[in-house]
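Take a look at the following structure, please.
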Amino acid sequence: MKMETVLVAPLHPLPTPANDDAMLRDTEAAALLGVKTKTLANWRCQGREDLPFYRVGGRAIRYRRGDVIAFRDRHRLTSTSDTGAAA
């Protein structure tokens with residue numbers, strides 16, 4: 001029996017200068033952050049989080065991939081007692 005090797009690309013490739021400016025739909029940004037699109041909508045409406053977005057054509061919402069990754073990295077904690085505040 002001959003076995004076949006299949007290469008699978010990562011779901012979200014590592015950021016590079018070439019793809020940091022890629023524009024993501026809310027579903028893609030939500031998947032990258034591990035939240036629901038409704039959560040992103042709440043953050044936009046309430047101005048709670050520092051995640052920039054673009055309104056395109058009056059209704060469509062887009063996020064710059066580099067902004068989403070930077071947001072994710074700013075909210076990285078190292079323990080449950082970590083408040084995220086700089087020392």
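Every read-out reported here was derived from the displayed coordinates using simple, explicitly stated rules and does not represent laboratory data. Because the structure is a prediction, the values reported are computed rather than measured. Ideal geometry is used to build each Cβ from the backbone, glycine not excepted, and the neighbour counts take in all protein chains shown.
Hey, could you check the range 54-68 for residues that are among the hydrophobic types (A, V, I, L, M, F, W, C) and in contact with a helix residue (DSSP H, G or I) (Cβ under 6 Å, 6 or more places away or on another chain) and say which is surrounded by the fewest Cβ atoms within 10 Å (Cβ to Cβ)?
From the range 54-68, those among the hydrophobic types (A, V, I, L, M, F, W, C) are 56, 60-61, 68; that's our starting set.
Now restrict to residues that are in contact with a helix residue (DSSP H, G or I) (Cβ under 6 Å, 6 or more places away or on another chain): 61, 68.
On the way: ILE61: 16, VAL68: 25.
Per the criteria, the residue is ILE61.
Kindly evaluate ARG48 against the criterion of being assigned to a strand (DSSP E or B) and exposed (fewer than 11 other Cβ atoms within 10 Å of the Cβ).
no
Output the qualifying pairs, or none if there are none: Cβ atoms under 9 angstrom, residues six or more apart or on different chains, first residue in the range 26-43 and touching a residue at least 24 places away in the same chain (Cβ under 8 Å), second residue among the basic types (Lys, Arg) and outside any helix (DSSP H, G or I).
So the pair list comes out as ASP26/ARG62; ALA29/ARG62.
Being in contact with a His (Cβ under 9 Å, 6 or more places away or on another chain) and without any contact (Cβ under 8 Å) to a residue 40 or more places away in the chain is the filter here, so list the residues in the range 44-85 that pass it.
Residues satisfying the conditions are GLU49, GLY84.
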